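Working notes, structure below.
The values are calculated or read from the model by the stated rules, or taken from the named source; none is laboratory data. Note that this is a predicted model, so its numbers are computed, not measured. We place every Cβ from the backbone using ideal geometry, glycine too, and count neighbours over all the protein chains shown.
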Amino acid sequence: MPRRATVRESVLHEVVQTSPILAPTSRGKYLRDLNRWIDFAGTDPRSWTPERVEAFRAYLHEQKLLPRSIDRLLSSVQFAAYWWAEREGDPALNFAPTRQQPALTKEAAIELLTSCDTSPQGKRDFALIVVGLETGMRRVALAGMDIDYTWSVDHAFTGYPATVVPLGDERKPFRVPLSYTAALALKPWLTWLGSRRGPVFRPLTKRLVRDGQYEWINSTKALSASAIQKMLSARGGVDPQVFRATFVSWRLAAGYTPEEIAIVTDPPRDPVPPSLIQLAHKMTRSTPEWLAKLVEERPV
């Protein structure tokens with residue numbers, strides 16, 4: 001039985017431990033995932049190759065792991081390999097295959113948003129995608145999102161923090177600052193929704209009223225993480241993980257440091273510092289032309 005690797009035995013563990021863009025809970029999960037990789041591939045980086053990663057994938061399948069567990073494990077390995085190569089300034093050190101979901105280009109993001117019509121469902125999906133791109137939230141966070149209505153929707157420039165309630169998690173909820181761009185996308189959806197309490201993103205059903213006329217009915221429950229995954233998959237096969245990759249990529253390109261980016265992607269628990277809200281607004285300038293001016297002043 002191979003001996004389990006410790007943090008001191010792998011350069012990848014060191015990279016994850018010192019990463020400024022991972023929250024403590026995420027860091028712990030990544031470290032545990034890397035132990036599986038080290039048990040399989042050993043601690044000598046010279047033996048780490050893309051072929052070895054694919055062998056690791058096949059090994060995990062043989063162990064009857066669920067696809068989502070395999071994806072998570074490989075994502076941890078890919079993250080660590082990428083940042084190790086970045087830290088050392090040597091792309092050849094990135095032994096993991098290219099991520100299946102690279103950051104979106106401006107054109108791809110606009111195309112994704114354009115696929116949303118102006119029906120209630122389209123308003124919801126449009127808002128969800130913009131919020132994901134503006135905050136780097138993953139699907140579980142988006143599914144648990146609520147709004148702190150200390151500020152009115154009409155006062156979007158002041159910002160309103162989103163309260164994220166991790167699903168299946170009893171830890172204290174945390175706050176994520178929403179940019180002005182995200183507020184603009186949310187306004188038509190929240191206006192249609194009517195209620196300003198409860199989960200932001202909810203299931204919708206279409207009901208026949210009469211003579212071919214339909215009406216939309218909204219649930220009081222949150223849209224599940226799997227439903228978000230399904231909705232995005234139907235729009236060109238996009239995975240919600242791409243939101244985080246796109247947020248980080250666009251902000252790095254705009255000159256923000258990993259430490260600044262981490263303030264938004266992994267915000268502190270309550271209370272929300274004013275500087276956090278200010279930084280969220282500042283970062284809208286790095287969104288390519290404010291998502292093409294929110295897709296050319298989209299009619300609502």
### Query
Among the residues of the stretch 75-92, is there at least one that is out of contact with any strand residue (DSSP E or B) (no Cβ under 6 Å at 6 or more places or on another chain), more than 30 Å from residue 194 (Cβ to Cβ) and assigned to a loop (DSSP other than H, G, I, E, B)?
yes
### Query
Can you pull out the residues in the stretch 216-254 that are among the aliphatic types (A, V, I, L, M) and part of a loop (DSSP other than H, G, I, E, B)?
222, 223, 238, 254
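One line per residue, one yes/no per condition, for (1) touching a helix residue (DSSP H, G or I) at 6+ places or on another chain (Cβ under 6 Å); (2) at pLDDT 80 or above:
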site	(1), (2)
161	no, no
172	no, no
185	yes, yes
189	yes, yes
193	no, yes
216	yes, yes
### Query
Of the residues in the stretch 255-286, how many are at pLDDT 75 or above and part of a loop (DSSP other than H, G, I, E, B)?
3
## Note on the structure
Result of the Cβ filter at 8 Å on the stretch 202-213, keeping first residues that are within 18 Å of residue 190 (Cα to Cα) and partners that are among the hydrophobic types (A, V, I, L, M, F, W, C) and not in a strand (DSSP E or B), at least 6 apart or interchain, is 202/193; 202/222; 202/223; 203/223; 203/227
### Members of the stretch 216-226 that are over 15 Å from the mean Cα position of the chain (by Cα) and surrounded by 11 or more Cβ atoms within 10 Å (Cβ to Cβ)
216, 217, 218, 219, 222, 223
### Query
Say we look at the stretch 62-97 and pick out the residues that are under 20 Å from residue 229 (Cα atoms) and either small (Gly, Ala, Ser) or within 18 Å of the chain's Cα centre (by Cα) (or both); which of these is surrounded by the fewest Cβ atoms within 10 Å (Cβ to Cβ)?
68
### Message
Anything in the stretch 194-213 that is in a loop (DSSP other than H, G, I, E, B) and either surrounded by 11 or more Cβ atoms within 10 Å (Cβ to Cβ) or of a type in the set (Ser, Thr, Tyr) (or both)? List them, or say none.
### Response
195, 196, 198, 199, 200, 201, 202, 203
### Residue count, the stretch 33-71 (criterion: basic (Lys, Arg) and closer than 21 Å to residue 18 by Cβ)
1
### Message
Within the stretch 287-300, take every residue that is under 17 Å from residue 246 (Cα atoms) and surrounded by 14 or more Cβ atoms within 10 Å (Cβ to Cβ) and give me the one that is modelled with the lowest pLDDT.
### Response
292
### Task
Those residues that are of a type in the set (S, T, N, Q) and closer than 22 Å to residue 177 by Cα, I need them from the stretch 218-261; list them, please.
224, 241, 246, 249, 257
### Query
What is the number of the single condition among (1) surrounded by 16 or more Cβ atoms within 10 Å (Cβ to Cβ); (2) over 21 Å from residue 226 (Cα atoms); (3) hydrophobic (A, V, I, L, M, F, W, C) that residue 113 does not meet?
(2)
### Query
Of all residues in the stretch 41-58, how many are of a type in the set (A, V, I, L, M, F, W, C) and either surrounded by fewer than 16 Cβ atoms within 10 Å (Cβ to Cβ) or not assigned by TED's automatic domain parsing to the domain that holds residue 16 (or both)?
2
### Query
Applying the selection to the stretch 242-256, what residues are surrounded by fewer than 20 Cβ atoms within 10 Å (Cβ to Cβ), in contact with a helix residue (DSSP H, G or I) (Cβ under 9 Å, 6 or more places away or on another chain) and in contact (Cβ under 8 Å) with a residue 60 or more places away in the chain?
248
